[in-house]
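The values are calculated or read from the model by the stated rules, or taken from the named source; none is laboratory data. Quantities reported herein were computed from a predicted structural model and do not represent experimental measurements. Neighbour counts are summed over all protein chains in view; Cβ atoms, including those assigned to glycine, are modelled from backbone coordinates with ideal geometry.
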Amino acid sequence: MRSDVVVGLGPAGPNRPSTLASDMASTPLTAASDQPAALVIRGGRVIDPASGRDEVADVAIDRGVVRAIGRRLPVSKGVRVIEAKDRLVVPGLIDPHVHLREPGQEHKETIATGGAAAVAGGFTTVCCMPNTSPALDSPELVDFVHARAKATSPCRVFAVAAATRGRKGEELTEIALLARAGAAGISDDGDCIASAGMMSRVLAATAASGLAFMQHCQEPTMTRGAAMHAGERSLRLGLGGWPRAAEEIIIERDVRLNRGIGCRYHVQHISSGESVEIVRRARAAGQPVSAEASPHHLLLTDEACEGYETNAKVNPPLRERKDVEAVRQGVADGTITVLATDHAPHSVDEKSLPFEDAPFGLIGLETALALYAEALVATGLIDWPRLIAMMTLEPARLCNLDRLGLGRLTEGGVADVTVIDPDAPWTIGPECLRSKSRNTPFMGRAVRGRAVATIVNGRVVTG
């Protein structure tokens, strides 16, 4: 295994040994110029949710491994120093839900440009969804994504593989082989598995693989022609309405189906207050259910769609203030354990279409950290250590990446590190974006907090 910055880490199946850190330390690099320089991050607030560490300390890195964490570590001549006073030093951020569009939709995004957007936002690892063209429904296509990541991306990229052939909901994929190829999860994201019978088979096969199933919760017969949240505003704008029940019914159905199966079941981009309550009840009953929240569902309501603003057209749709508050409360009380951007790039031409015809989705990798901080930390709902856990340890556990040493910052561990200035003021603008696309309703928003250095496998890739 190569241990340079762009390695996709290879198979992440349940039987893979947890020896990544030692592998990285002992495997020679292909060329001397590839060797990450020795580095010390000095005087930052080191937060590692996995171990409970939260203290001011130095972090010493060499050859892709965290060599030491402690006070006043010695610095040899020639060692690069990053001064981190008043900054947070945390495990590399992980986004378990992004759309990189490659293969087949490279005009929107590529693995390379998505990776550049990721590291600009502080993410060292992303997991890409299978709604590409063709869909990621075979081991060969999973291998393709990982090979492209090795060749072009500055961050680690893992593929989430499709549950059904072509994501059509009709024929089961070879989930065991997809897991063996290194899939980080199973999902037909972009579409819901509408058939209860097929869903039962998917849950059983995914449970046997050791992976989690990630559900796009959208009952299709209730959302045909829908463009935004069903309510007073959609009626006034003359747009098809998308009811909360279309999300809630699927979660309730799947939770019931899964009672006798026990698959790790994950609700993507939760948007409805009642959906949060369904997940809360399932978790209280001991079911292996988790959920994620995205920045836009923590901050925006369907008011953002006024003026037929297509950059606010997302799936699931922006809802009402009571839903935003319920999702926030779900984060605060631990019902929602993962934060994920649902980074969904589209071209300017596509988003310039009439609202009914424009595609759903917005970009989020570069802006997520500041928006999460605004919605959750600045409001006092959670503190920085909990926010970091939801962006590192929790997504690593969801996608089995914790078995590879990711999502934690410990001595002898993988040197994926993000340095954050929690008080840095900035304004979201085109010049801040590395994605190919610009579709965000947050353009021009003044925010606070950003990644000032992103380190992947010991190499400083931004900052």
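Couple of notes before you dig in:
- Looking across region 327-353 at every residue that is within 13 Å of the chain's Cα centre (by Cα), hydrophobic (A, V, I, L, M, F, W, C) and not in a loop (DSSP other than H, G, I, E, B), the one that is farthest from residue 110 (Cα to Cα) is identified as 338.
- Near pairs, Cβ below 9 angstrom, 6+ apart or cross-chain, from region 372-401 (under 20 Å from residue 423 (Cβ atoms)) to any residue that is in a helix (DSSP H, G or I) and charged (D, E, K, R): 375/328; 376/328; 376/386; 377/386; 379/328; 381/328
- All of 425, 385, 395 fail the test of being under 18 Å from the mean Cα position of the chain (by Cα), surrounded by fewer than 18 Cβ atoms within 10 Å (Cβ to Cβ), at pLDDT 95 or above and not charged (D, E, K, R), apart from 385.
- Residue match in region 290-303 (condition: free of Cβ contacts under 8 Å to residues at least 24 places away in the same chain and of a type in the set (Gly, Ala, Ser)): no
- Among the residues of region 434-452, those identified as within 19 Å of residue 126 (Cα to Cα), surrounded by fewer than 21 Cβ atoms within 10 Å (Cβ to Cβ) and out of contact with any Pro (no Cβ under 8 Å at 6 or more places or on another chain) are 434, 452.
- The listed residues are 142, 126, 81, and the only one of them that is closer than 30 Å to residue 383 by Cβ and under 19 Å from the mean Cα position of the chain (by Cα) turns out to be 126.
- Counting only residues that are more than 21 Å from the chain's Cα centre (by Cα) and part of a loop (DSSP other than H, G, I, E, B), region 301-317 holds 2 of them.
- For beta carbons closer than 6 Å, sequence separation of 6+ or different chains, a first residue in region 424-439 that is among the polar types (S, T, N, Q) and a second that is modelled with pLDDT of 95 or more and surrounded by fewer than 18 Cβ atoms within 10 Å (Cβ to Cβ), the qualifying pairs are 427/446.
- Evaluation of residue 458 against (1) touching a strand residue (DSSP E or B) at 6+ places or on another chain (Cβ under 6 Å); (2) more than 27 Å from residue 102 (Cβ to Cβ) (one fails), failing number: (2)
- Restricting the search to helices (runs of 4 or more DSSP H) fully inside region 122-236 and requiring at least 3 residues that are touching a Leu at 6+ places or on another chain (Cβ under 8 Å) and in contact (Cβ under 8 Å) with a residue 60 or more places away in the chain gives 196-209.
- Some residue of region 318-326 being surrounded by fewer than 20 Cβ atoms within 10 Å (Cβ to Cβ), assigned to a loop (DSSP other than H, G, I, E, B) and in contact (Cβ under 8 Å) with a residue 60 or more places away in the chain: yes
- In region 52-90, residue farthest from residue 410 (Cα to Cα) [restricted to those that are in contact with a helix residue (DSSP H, G or I) (Cβ under 7 Å, 6 or more places away or on another chain) and in a strand (DSSP E or B)]: 88
- Residues that are more than 13 Å from the chain's Cα centre (by Cα) and either outside any loop (DSSP other than H, G, I, E, B) or of a type in the set (Ser, Thr, Tyr) (or both), drawn from region 354-371: 370, 371
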